[in-house]
Amino acid sequence: MAKVLGYQVATNTTIYKETDMQEIERMFDYLSDLGVDGHTITPGYDYDAAKRDMTKRLNLRPEDFFLTRAMTVQKFQKIENWMNQYTFFGTPVYFEFLAGKRDLTCSAWAIPTRNIRGWKAPCYLMTDGHFSTYAELLEQTDWDRYGVVNSVARDSRCENCMVHCGYEPTATLGLQAQRGDTWKTIKFNFGAKPRAAGRGSEVLAYNGVSSGNGHLTGKRAEPAVKAS
Ligand code: SF4
């Protein structure tokens, strides 16, 4: 409907431990044939607030749902193939990082979060303080305390994080650039886009109303109906 109304439409997908990557590939087939303009994708790791919420409110074990770094690399093994099959919004350098092909460090200051309390430090996922201006956030946050450098977590809460708001700007800004990155990124973002998959009609998609409980309850959607 959004496409019919003329909007640019993008989807965002978070991958969890339980996520079946074959199913994600079928979803991208389906979405690409619907004419969706592009996708972002990111690993779901056990960030502080989510972990606490899952333990206290839902009485569930975070380790059953969230990805470690090793699991993320394993889940994203096909991402480089997908880059040629589907239109992703992002940078090939970040996707190489997710696939374990190269290392990046976090630059959370480049995609900050601002909420009603102010500019959140250090990032969207962790809250160690708020500042009234972006300049204060930049100047008063000890950025050297955060992120993972050479496989060592400078803060234990960062240990499994590979999320795009922390690492994508490192790729985008070329902070750890390697030869060929700029051309690769320009080609990826401005070159010809992959064609529609042509396999979407084979996908059994649930097109009814969601229970709203998401993956946390372990509930399954009603039996799938064939997409028309
Ligand atoms: S690695 Fe960066 S983005 Fe991830 S939780 Fe730590 S500070 Fe935030």
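The values are calculated or read from the model by the stated rules, or taken from the named source; none is laboratory data. All of these numbers come straight from a predicted model, not from anything done at the bench. Every residue, glycine as well, gets a Cβ built from its backbone with ideal geometry; the counts of neighbours run over all protein chains shown. For accessibility, only protein heavy atoms count, side chains too; no ligands or nucleic acids. Shrake-Rupley method; radii C 1.70, N 1.55, O 1.52, S 1.80 Å.
Dividing the summed helix terms, -39500 (n - 2.57) for each DSSP H run of n ≥ 4, by the number of residues in the chain produces a 222 nm estimate of -8500 deg cm²/dmol to the nearest 500.
Between Thr11 and Gly38, His39, Thr40, the built amide H atoms are under 5 Å apart, and every one of these is 5 or more places off in sequence or on another chain. In straight-distance terms, cross-link reach from Lys3 covers every one of the lysines whose alpha-carbon lies under 25 Å from its own, apart from those fewer than eight places away in the same chain; here that gives Lys193, Lys226. Close amide-amide hydrogen proximity is noted between Asp128 and Ala121, Cys123, each under 5 Å apart and 5 or more residues distant or on a separate chain (H modeled in the peptide plane; Pro and chain starts excluded).
Taking amide hydrogens as placed 1.01 Å from N in the peptide plane, the amide H of Val149 sits under 5 Å from those of Arg154, each at least 5 positions away in sequence or on another chain. Rounded to whole numbers, the Karplus 3J(HN,Hα) couplings from phi for the stretch 103-111 are 9, 9, 10, 6, 10, 4, 5, 8, 10 Hz, using 6.51 cos²θ - 1.76 cosθ + 1.60 with θ = phi - 60°, and x at Gly and Pro.
The chymotrypsin sites (Phe, Trp or Tyr not before Pro) found in the stretch 134-207 that occupy coil by DSSP, while having at most 13 further C-beta atoms within 10 Å, are Tyr206.
A straight Cα-to-Cα reach below 17 Å connects Lys56 with the aspartates and glutamates Asp46, Asp48, Asp64, residues fewer than 8 places away in its own chain not being considered. In units of the compact-protein estimate 2.2 N^0.38 Å, the chain shows a Cα radius of gyration of 1.09.
Over the chain, average the accessible area per residue using a 1.4 Å probe and give it in Å², no decimals.
Roughly 59 Å² per residue, with all protein chains present.
Across the chain, C-alpha contacts under 8 Å between residues 6 or more apart give a mean separation that, scaled by the residue count, equals a relative contact order of 22 percent.
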